Amino acid sequence: MFSQKLQILKEKGLLREIKDRVSPQGPKVKFGEREYINFSSNDYLGLSIHPYIIDRAKRAMDEYGYGSAASRLLGGGSILHKGLEDKIAQFKDTEAALIFNSGYSANTGIIPAFADEDTAIFSDELNHASIIDGCRLSKVKTLIYRHKDLSHLEGLIKKNAKRKIVITDTVFSMDGDIAPLSDIYKICKKNNAMLYTDDAHGTGVLGNGKGALAQFNIKPEPWIIQMGTFSKALGSFGAFIACSSDVTEWTLNTARSLIFSTALPTCIVAASIAALELIEKDSGLIKRLWENRDELSRRLKDIGYDIMGSETPIIPIKTGGLENTLRISRHLHKKGIFAPAIRPPTVKEPRIRITVTASHSDEDIERLIEALREIKPLNNQ
Ligand SMILES: Cc1ncc(COP(=O)(O)O)c(C=O)c1O
């Protein structure tokens, strides 16, 4: 049964496969014998290989061992788990925070924990798959509003439910655009709705690293829940919610992905604390990230590429159809550039998703531009 289905995926150009790196993550990666310039990672600040962070993880491993051996509720967490939550609460200026094993497990655990039979969820159509799955697991009425369409959201929200939760990515992971948070905040406030933001790609990138709320000058309030991950700009692994202590306590008591899953290893937690410390020290990494982002997006536009409304270091390029997307991806591969094609069902419209980081050199950017200049998208020729 599966071989036939796999064959169909292959014929449609939709078969996914994992490429096995033989190097660490970073601006250059090696697959087999060959080195590539890497424009595929979410390690926006290059922290996944930062010596300060690696040292802290090693020290925690010496002190606490590796595995956590049980869920935090069952086996207790280390004091570093609690320390990371205190650090996140201070960093996000909230009363409390709670950590999860990944962004995926946060969204699929928290959303069902928040929703009851009186709840309706309002979710942007381009929200991440983990939000979609969290909404499905909640089994409550979920109304999808058109991407960033405030009047659609407002129209839906007025008609519906006693309890309302608006859920939005802050930075949309395949499009690289930013949610209009000031307006969404106002709509939530006016309609007495809870606001749940997924700041996976905003934390460490927007608002001087503090995330999307800081970027929009929105002060945390008890009805706002900020979810974020340690797995992207913080170069680590895991996720969090930053919110009021009532909310963390409720979540701790009800989110199945937290209750029924082994806690993060303490060395990973130590790495996340160290990453937050580095961001707070502001070593110029965020500035460099945005300089690279601005340079690359300008150069891409100059050579005729459509970057599809990108406003962040996630820069998709419009490629006009699956075949052409694969053609460009193969060309980049030949040129020693790793920027894979993103295809349905991840997105409706295939594209090459480029992510630029603080670690890319001017020469890395130049090489990408040169390679893309050689092979313009069909619809631009
Ligand atoms: C917006 C968004 N939310 C959640 C996740 C899931 O995070 P994680 O990779 O930590 O599971 C991702 C990452 O893929 C994401 O892009």
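A short reminder: the numbers here are calculations on the coordinates, not readings from a lab. Here the structure is a predicted model, which means the values were calculated and not measured. Backbone-built Cβ (ideal geometry, glycine too); neighbour counts: all protein chains shown.
Return the whole-Å distance between the Cα centroid of segment 279-356 and the Cα centroid of segment 180-242.
Their Cα centres are 23 Å away from one another.
List the aspartates and glutamates whose alpha-carbon lies under 18 Å from that of residue 141, not counting same-chain residues fewer than 8 positions away?
By straight Cα distance, residue 141 reaches 116, 117, 118, 124, 125, 133, 154.
Rounded to the nearest 500 deg cm²/dmol, what is the calculated helix-only ellipticity per residue at 222 nm for the chain, with -39500 (n - 2.57) per DSSP H run of length n ≥ 4?
On the way: 15 runs with 162 residues, N = 381.
Helix-only estimate at 222 nm: -13000 deg cm²/dmol.
Here is the link list: 28/148; 190/281; 190/318; 232/318. Which ones come out longer than 27 Å on Cα distance?
Working: 28/148 35 Å; 190/281 37 Å; 190/318 37 Å; 232/318 23 Å.
Pairs exceeding 27 Å: 28/148; 190/281; 190/318.
With a/c under 1.5 counting as rounded, go ahead and sort segment 126-256 into rounded, prolate or oblate using the C-alpha gyration tensor (a ≥ b ≥ c being the square roots of the eigenvalues; past the cut-off, prolate if a/b is larger than b/c, else oblate).
rounded
Taking 37 °C and 0.692 mPa s as the conditions, I'd like the Stokes-Einstein D for segment 286-331 in µm²/s, using the Kirkwood hydrodynamic radius from alpha carbon pairs.
Approximately 285 µm²/s, per Stokes-Einstein.
Sorting 282, 43 on the 10 Å Cβ count, fewest up front, what's the list?
Ranking 282, 43 by Cβ neighbours within 10 Å, fewest first, gives 282, 43.
Test of understanding: ordering 240, 114, 260, 2 by Cβ neighbours within 10 Å, fewest first, what list do you get?
Listing 240, 114, 260, 2 from fewest to most nearby Cβ atoms yields 2, 260, 114, 240.
Looking at the chain only, what percent of DSSP beta bridges run antiparallel? Nearest 5 please.
50 percent
Based on the Cβ-Cβ distance from residue 125 to residue 61, what FRET efficiency comes out when R0 is 45 Å, to the nearest 0.05?
That gives a FRET efficiency of 0.60.
Ranked by Cβ crowding within 10 angstrom, fewest neighbours first, how are 171, 29, 269 ordered?
Neighbour counts put them in this order, fewest first: 29, 171, 269.
Applying 1/(1 + (r/R0)^6) with R0 = 35 Å to the Cβ-Cβ distance of residue 74 and residue 221, what FRET efficiency is obtained, to the nearest 0.05?
The formula returns an efficiency of 0.60 here.
List the trypsin sites (Lys or Arg not before Pro) in segment 1-108 that DSSP assigns to loop (not H, G, I, E or B) and whose Cβ has at most 16 other Cβ atoms within 10 Å. Which are they?
Here the sparse-neighbourhood loop sites are 12, 16, 19.
Rounded, prolate or oblate: which fits segment 35-132 when a ≥ b ≥ c are the square roots of the eigenvalues of the alpha-carbon gyration tensor, with rounded for a/c under 1.5 and prolate only if a/b beats b/c?
oblate
FRET efficiency for residue 151 and residue 311, Cβ-Cβ distance as r, R0 = 30 Å, nearest 0.05?
0.90
Would you tally the net charge around residue 23, using a Cβ to Cβ cut-off of less than 10 Å, leaving residue 23 out, and scoring K and R as +1, D and E as -1?
Once all neighbours under 10 Å are counted, the net charge is +2.
Dipole of segment 149-265 (Lys/Arg Cβ +1, Asp/Glu Cβ -1, origin at the Cα centre): which of 235, 247, 218 lies farthest to the positive side?
My answer, from the dipole projection, is 247.
Indicate the gyration tensor shape class of segment 51-281 (rounded, prolate or oblate), computed on the Cα atoms with a ≥ b ≥ c the square roots of the eigenvalues: a/c under 1.5 is rounded; otherwise a/b larger than b/c is prolate and the rest oblate.
The shape class here is prolate.
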